[in-house]
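Q: The following block contains the structure, expressed as structure tokens.
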Amino acid sequence: MSGVLAFQLYDWRYFFAELVAGFTIGSLYALIALGYTMVYGVLKLLNFAHGDVYMVGAFIGWFVLNALGSPLKPVLPLVPLLALAFAAAMAGCSVLGVLIERFAYRPLRQAPRIAPLITALGVSFFLEQTGVLLWGATPRTYDTYDLRKGELFGSLTAGNFSIAYVQIFAFLASALLMIALSLFVWRTRTGKAMRAVSVDPEAASMMGIDVDRVISVTFLLGSALAGAAGVMTGLIYQNLNPYMGFGAGLKAFTAAVVGGIGNIGGAMIGGLLIGLVETFTAGYLSSQFQDLIVFSALVIFMLFRPTGLRGTPLLQKV
């Protein structure tokens, strides 16, 4: 075992492979974490059903791709086919997110804070078990791997460094979506309203802001990003099942906490850090320890820096 570990420590090809894998999974965690951080920033609600919205998005993408012949035997050209899968997943998850907010969270907005938290867990299990009943527990594949030709999307290699084009796409798409979300929040009228509601919903309402609409838009955007992450997961890892959402959601929540929950840039940084920690732990130590290390980071940050890397302390009203 020590000989294998020593070999891995000095194997640059292995190191770069782990680095790419960490950035890839970290990009997906970051997209999911953006939904957590947006909802918490506006409502101070931990939406634990968000991971299962991501799962639904992955299945919507799978149904679209398979209805059109799959990426290996597409009815449409590949780029429009993938664009349609992403559009369908993001639209479907947006509708699902708005419905969850309207019927599960809005009636409890004035209830004690524990009530919506328990409801969020209940919605999570409801979506998970509904997925099991509708689609079964057997894992499904996006069918993007050709045994004769290798991976459909190919890879870029330079010396010891190698990265699949779909991994480049995942990282760039995550970064672009984060930038677009930041511009929306800071430059648009609705984004300003979201920031106002996050500071003081009652004052925002008295200023003429439709608080219910702002919260619905928040859920819509966060759920759309989760849907995009679900399709990316299917394309990269070729494995989706109804249970995939809960674990990914917890790690994305950890990423949001580490980065500073409520901060968009912090969610991206936290996602990448959690992805790197998880991947390097599995690669250089053991996959049995990766969840232990990841959730230990959550405990450490909650104890010593609860605001995260980029979060700010909450203002106390007096």
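Q: Quick one: how many residues across the range 22-74 are among the hydrophobic types (A, V, I, L, M, F, W, C) and under 20 Å from Leu177 (Cα atoms)? Quick ask: steps written out before the conclusion?
A: Initially, the range 22-74 is screened for residues among the hydrophobic types (A, V, I, L, M, F, W, C), giving 23, 25, 28, 30-34, 38-39, 42-43, 45-46, 48-49, 53, 55-56, 58-60, 62-65, 67-68, 72.
Cutting the leftovers down to under 20 Å from Leu177 (Cα atoms) gives us 23, 25, 28, 30-34, 38-39, 42, 53, 55-56, 58, 60.
Residues meeting the conditions: 16.
Q: Check whether at least one residue in the range 212-222 is within 30 Å of Arg106 (Cβ to Cβ), surrounded by fewer than 16 Cβ atoms within 10 Å (Cβ to Cβ) and out of contact with any Asp or Glu (no Cβ under 7 Å at 6 or more places or on another chain), and report yes or no.
A: Applying the first criterion (within 30 Å of Arg106 (Cβ to Cβ)) to the range 212-222 yields 212-222.
Remaining after also requiring surrounded by fewer than 16 Cβ atoms within 10 Å (Cβ to Cβ): 212-213.
Subsequent filtering for residues that are out of contact with any Asp or Glu (no Cβ under 7 Å at 6 or more places or on another chain) retains 212-213.
Checked the range 212-222: at least one residue is within 30 Å of Arg106 (Cβ to Cβ), surrounded by fewer than 16 Cβ atoms within 10 Å (Cβ to Cβ) and out of contact with any Asp or Glu (no Cβ under 7 Å at 6 or more places or on another chain).
Q: Another question, then. Can you spot a residue in the range 66-74 that is buried (at least 22 other Cβ atoms within 10 Å of the Cβ) and touching a helix residue (DSSP H, G or I) at 6+ places or on another chain (Cβ under 7 Å)? I'd like the intermediate steps shown before the answer.
A: If we filter the range 66-74 for residues that are buried (at least 22 other Cβ atoms within 10 Å of the Cβ), which is where we start, we get none.
Scanning the range 66-74, I find no residue that is buried (at least 22 other Cβ atoms within 10 Å of the Cβ) and touching a helix residue (DSSP H, G or I) at 6+ places or on another chain (Cβ under 7 Å), so the answer is no.
Q: Further question on the same structure: Restricting attention to the range 105-117, which residues are hydrophobic (A, V, I, L, M, F, W, C) and either under 21 Å from the mean Cα position of the chain (by Cα) or loosely packed, with under 14 Cβ neighbours inside 10 Å (or both)? Step through it out loud before you land on a result.
A: Keep residues of the range 105-117 that are hydrophobic (A, V, I, L, M, F, W, C), which gives 108, 111, 114-115, 117.
Matches in the range 105-117: Ala111, Ile114, Leu117.
Q: Something else about it: Under the condition of being outside any helix (DSSP H, G or I) and hydrophobic (A, V, I, L, M, F, W, C), which residue from the range 44-60 is surrounded by the most Cβ atoms within 10 Å (Cβ to Cβ)?
A: So in the range 44-60, the residues outside any helix (DSSP H, G or I) come out as 44-49.
Applying the additional criterion that residues be hydrophobic (A, V, I, L, M, F, W, C) yields 45-46, 48-49.
On the way: Leu45: 21, Leu46: 19, Phe48: 22, Ala49: 28.
This residue is Ala49.
Q: Do we have Phe280 as without any contact (Cβ under 8 Å) to a residue 12 or more places away in the chain, more than 15 Å from the chain's Cα centre (by Cα) and more than 25 Å from Ala88 (Cβ to Cβ) here? Steps first, answer last, please.
A: Details: without any contact (Cβ under 8 Å) to a residue 12 or more places away in the chain: no; more than 15 Å from the chain's Cα centre (by Cα): yes; more than 25 Å from Ala88 (Cβ to Cβ): yes.
Criteria not met by Phe280.
Q: Further question: Scan the range 240-260 residue by residue and report those that are polar (S, T, N, Q) and surrounded by 24 or more Cβ atoms within 10 Å (Cβ to Cβ). Outline the logic, then answer.
A: Here is the first cut: in the range 240-260, the ones polar (S, T, N, Q) are 241, 254.
Across the range 240-260, the qualifying residue is only Thr254.
Q: What are the residues in the range 272-295 that are crowded, with 17+ Cβ neighbours inside 10 Å and over 19 Å from Tyr36 (Cα atoms), if any?
A: We begin by selecting, within the range 272-295, every residue crowded, with 17+ Cβ neighbours inside 10 Å; these are 272-283, 290, 294.
Leu276, Val277, Glu278, Thr279, Phe280, Thr281, Ala282, Gly283, Gln290 - these are the residues of the range 272-295 that are crowded, with 17+ Cβ neighbours inside 10 Å and over 19 Å from Tyr36 (Cα atoms).
Q: Residue by residue through the range 101-134, note down the ones that are among the β-branched types (Val, Ile, Thr) and touching a helix residue (DSSP H, G or I) at 6+ places or on another chain (Cβ under 6 Å).
A: Going through the range 101-134, the residues among the β-branched types (Val, Ile, Thr) turn out to be 114, 118-119, 123, 130, 132.
Listed by number, the residues that qualify are Thr119, Val123.
Q: Just the residues that are more than 19 Å from Gly61 (Cβ to Cβ) and of a type outside the set (A, V, I, L, M), please, taken from the range 75-111.
A: Glu101, Arg102, Phe103, Tyr105, Arg106, Pro107, Arg109, Gln110, listed by residue number.
Q: Check Ala196 against each of (1) modelled with pLDDT of 90 or more; (2) under 24 Å from the mean Cα position of the chain (by Cα) and name the one condition it does not meet.
A: Of everything listed in (1) modelled with pLDDT of 90 or more; (2) under 24 Å from the mean Cα position of the chain (by Cα), Ala196 misses just condition (2).
Q: Counting only residues that are surrounded by fewer than 14 Cβ atoms within 10 Å (Cβ to Cβ) and assigned to a helix (DSSP H, G or I), which one in the range 296-307 is modelled with the lowest pLDDT? Break it down into steps so the answer makes sense when it comes.
A: Taking the range 296-307 as the starting set, the residues that turn out to be surrounded by fewer than 14 Cβ atoms within 10 Å (Cβ to Cβ) are 296, 299-300, 302-306.
Those left that are additionally assigned to a helix (DSSP H, G or I): 296, 299-300, 302-304.
Details: Ser296: 92, Val299: 91, Ile300: 91, Met302: 86, Leu303: 89, Phe304: 90.
Ranking the qualifying residues of the range 296-307, first place goes to Met302.
Q: Hey, among the residues in the range 212-267 that are in a helix (DSSP H, G or I) and among the aromatic types (Phe, Trp, Tyr), which one's farthest from Phe295 (Cα to Cα)?
A: Start the filter on the range 212-267 by keeping residues that are in a helix (DSSP H, G or I), which leaves 212-237, 244-259, 264-267.
With among the aromatic types (Phe, Trp, Tyr) added as a condition, the list becomes 219, 237, 246, 253.
On the way: Phe219: 26, Tyr237: 22, Phe246: 14, Phe253: 10 Å.
Filtering first and then ranking leaves Phe219.
Q: I've got another one for you. Is at least one residue of the range 261-271 β-branched (Val, Ile, Thr), surrounded by fewer than 17 Cβ atoms within 10 Å (Cβ to Cβ) and farther than 23 Å from Ala21 by Cα? Let's see the steps before the verdict.
A: Of the range 261-271, the ones β-branched (Val, Ile, Thr) are 261, 264, 269.
Narrowing the set further to residues that are surrounded by fewer than 17 Cβ atoms within 10 Å (Cβ to Cβ) leaves none.
Taking every residue of the range 261-271 in turn, none turns out to be β-branched (Val, Ile, Thr), surrounded by fewer than 17 Cβ atoms within 10 Å (Cβ to Cβ) and farther than 23 Å from Ala21 by Cα.
The values are calculated or read from the model by the stated rules, or taken from the named source; none is laboratory data. If you're wondering where the values come from, they're calculated on a predicted model, not measured in any experiment. Ideal geometry is used to build each Cβ from the backbone, glycine not excepted, and the neighbour counts take in all protein chains shown.
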